[in-house]
Structures are given as C-alpha cells and as structure tokens.
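Everything below concerns the one structure shown next.
Please treat every number below as a calculation from the coordinates, not as lab data. Since we're looking at a predicted model, the values are computed, not measured. No Cβ is skipped: glycine too gets one built from the backbone with ideal geometry, and neighbour counts run over all protein chains shown.
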Amino acid sequence: MAKKIEIPQHIAIVMDGNGRWAKDRGLPRTAGHQAGEKVLFDIVEAAIEFGVKEISAYAFSTENWKRSPEEVKFLMGYSREMLRTRRDRLNEMGVKINWLGRPQRLWKSVISELEEAEELTKKNKKLTLNMCVNYGGRAEIVDAAAELARDVKRGKVKADAITEKTLEKYLYSPKMRDVDMFLRSSGEQRTSNFLPWQSSYAEFVFMDVLWPDMTPKLLWKAIEIYSERERRFGSA
Ligand code: FPP
C-alpha cells in the first residue's frame with residue numbers, strides 16, 4: 001500500500017536563482033525577480049490546496065543591501081508594489097500576511113505597505129505567509145537577546161530563569177511554528193542566515209531548479225521527498 005504523504009505544516013523558502021534565470025534569457029536580473037514573484041503566488045495557492053499552514057518567503061535579506069543600488073531600489077519598489085497589488089487576492093484566499101525583519105534601512109513606504117497588509121489580513125486562518133523583508137537570522141537573535149537583556153535590566157525577567165521559551169518570546173514573530181521543511185531552489189545547498197532558530201529540526205530539501213521555473217508540481221515533489229524522511233527530533 002502507498003505510504004501516506006505527510007504534509008509539512010510550515011515551509012521556509014529560499015527563492016534562489018532569479019538572476020541566473022534572467023541571465024540565461026539575456027534579460028536584466030530584475031526580470032528574474034518579476035518572474036519569481038509570480039511563482040511565489042502560484043506556490044502559495046498550491047500550498048493552500050495541499051494543506052500547508054504556513055510559508056516563510058525570503059524576499060530580502062539583511063545581506064541583500066550589498067547588491068547594486070539599482071537592484072536594491074528595484075527590490076524595494078517591487079515589494080511595495082507587489083504587496084499593494086496582491087493583498088486583496090491574498091485576503092480573499094484566506095492568507096494572513098506577516099512581516100519578519102528589521103525596520104532599520106527599510107524604505108518607510110515598504111514598511112507601511114507591510115503593516116497595511118498585516119492589518120487587512122490579520123483575521124485570516126487558511127495560511128500564514130511570513131514575508132521576510134530585511135530579514136537576517138543572526139540579526140533576529142541579536143535583536144531578541146538585546147531586548148531580553150533590557151528586560152533583565154528592568155527587573156522584568158530573571159537571568160537565571162531564562163530558557164529557550166523565554167528567548168523565543170523576543171523573536172520577530174513568537175507565535176510562528178517551527179519550520180518543518182526548508183526548501184531552497186537553484187541547486188545551492190546553503191541556508192544563508194534564514195530562520196536558523198526556527199529551522200533547528202527542519203528537513204532540508206534542495207532542488208536543482210531556478211526559482212522562476214518552480215511549479216506546484218515540483219512543490220509536491222519536494223513534499224514527497226520530505227515525507228520520506230524520518231524525523232526523530234533527537235530521539236533514538
Ligand atoms: C534570490 O535570487 C532572490 C532574491 C534575493 C529576491 C527574491 C525575491 C523575489 C522572488 C521577488 C518576490 C518578492 C518580493 C517581495 C520582492 P538571486 O537574485 O540571488 O539569483 P541568482 O543567485 O541566480 O543571482
């Protein structure tokens with residue numbers, strides 16, 4: 001009898017390969033990001049159908065500021081535009097949008113679009129889409145540790161009583177589930193500072209496909225690969 005497919009509740013996605021996809025076609029890198037953005041929404045739609053409850057998408061990392069000023073400007077403007085044009089459809093689909101990242105350096109207009117999308121979709125329950133914009137995993141842990149240290153200083157927390165659960169409360173989105181499946185496209189096998197705390201027990205699936213070529217069918221294939229893994233969470 002065929003084994004039952006286990007659906008990961010939370011999938012973290014590194015949408016890698018947009019630049020290479022564009023280069024292969026003689027197009028500017030920005031065309032790759034535009035194609036990648038469309039794919040992200042097809043993937044969200046398919047994930048809802050498959051019964052996935054949460055997706056975290058690495059849209060802009062704290063390291064992405066090192067890219068050319070033109071590309072940074074494009075990604076900022078594009079994420080703002082994308083949030084504005086997609087939010088109503090996402091809302092209809094029952095998607096709750098949640099922003100994870102640092103406000104420093106991020107365009108104010110991007111922050112306000114993110115906040116508006118969060119407000120509009122806050123009651124939705126079908127799937128949570130964590131838009132990781134100006135996100136870095138180490139930065140998240142540093143920010144959490146700094147705030148926790150402030151609370152120790154204020155006498156709100158006792159240093160000797162700090163546990164993993166305590167620190168978790170200071171992360172950008174304390175309520176998010178642990179990542180079950182960590183998916184990276186483009187054949188690179190790195191995590192690139194994405195959700196290190198939340199992915200401690202995730203299964204890693206690396207696919208040799210550039211992000212704009214990703215399809216719902218390939219997402220299902222990744223889920224099948226995930227489903228065949230035996231997750232033991234440290235037990236024997
Ligand atoms: C990595 O590919 C991709 C990014 C840094 C940006 C991801 C952004 C999108 C898919 C656009 C959708 C979302 C928003 C909110 C803008 P790469 O550029 O590193 O590709 P390469 O490794 O082939 O150069």
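If each Cα of the range 52-96 is one equal point scatterer, what is log10 of I(q)/I(0) from the Debye formula at q = 0.21, 0.23 Å⁻¹?
Treating every Cα as an identical point scatterer, log10 I(q)/I(0) equals -0.81, -0.88.
Compute, for the chain, the length of the dipole vector about the Cα centre, with Cβ point charges of +1 (Lys, Arg) and -1 (Asp, Glu) only. Units Debye, rounded to 20.
Result for the chain is approximately 480 debye, rounded to the nearest 20.
Please compute the length gained on full extension between Ile225 and Val142, using 0.36 nm multiplied by the number of residues separating them and subtracting their Cα-Cα distance.
26.5 nm
Karplus couplings for the range 37-48 from phi (6.51 cos²θ - 1.76 cosθ + 1.60, θ = phi - 60°), rounded to Hz, Gly and Pro as x?
Once θ is set to phi - 60°, the couplings for the range 37-48 become 5, 4, 5, 4, 6, 4, 5, 4, 4, 5, 4, 4 Hz.
Which number comes out as Rg/Rh for the range 15-120 once both Rg and the Kirkwood Rh are worked out on C-alpha atoms?
0.96
Calculate, for Arg232 and Trp197, the FRET efficiency according to 1/(1 + (r/R0)^6) with r their C-beta to C-beta distance and R0 22 Å; round to the nearest 0.05.
So, using R0 = 22 Å, E works out to roughly 0.65.
For the range 216-233, what does the Karplus curve 6.51 cos²θ - 1.76 cosθ + 1.60, with θ = phi - 60°, yield as ³J(HN,Hα) per residue in whole Hz, taken in order and with x for Gly and Pro?
Per residue, the Karplus-derived 3J(HN,Hα) values read x, 4, 5, 5, 4, 4, 4, 5, 5, 4, 4, 5, 7, 6, 9, 9, 10, 6 Hz.
List the residues, sorted by chain then number, that are 5 or more residues from Met15 or on another chain and whose placed amide H is less than 5 Å from its amide H.
Tyr58
Enter the per residue convex hull volume of the range 91-132, computed from alpha-carbon coordinates, in Å³ rounded to the nearest integer.
Considering the Cα atoms of the range 91-132, their hull volume per residue is 56 Å³.
Rounded to a whole number of µm²/s, how large is the Stokes-Einstein D of the range 93-175 at 37 °C and 0.692 mPa s, given Rh as the Kirkwood radius over C-alpha pairs?
Roughly 230 µm²/s, to the nearest whole number.
So if I restrict to the alpha-carbon atoms in the chain, what is the Rg, and what is Dmax, the biggest pairwise distance, in Å?
When restricted to Cα atoms, the chain yields Rg and Dmax of 18.2, 59 Å.
Sketch the reach of a paramagnetic label on Arg102 as a point 7 Å from Cα along Cα-to-Cβ, and name the residues of the range 138-171 whose backbone nitrogen lies under 15 Å away.
138-147
In a shell of Cβ-Cβ distance under 10 Å around Lys125, excluding Lys125 itself, what net charge do Lys and Arg (+1) and Asp and Glu (-1) give?
Taking every Cβ under 10 Å from that of Lys125, the sum is +4.
Between Lys156 and Asp24, what length in nm is gained on full extension when 0.36 nm per residue of separation is reduced by their alpha carbon distance?
42.0 nm
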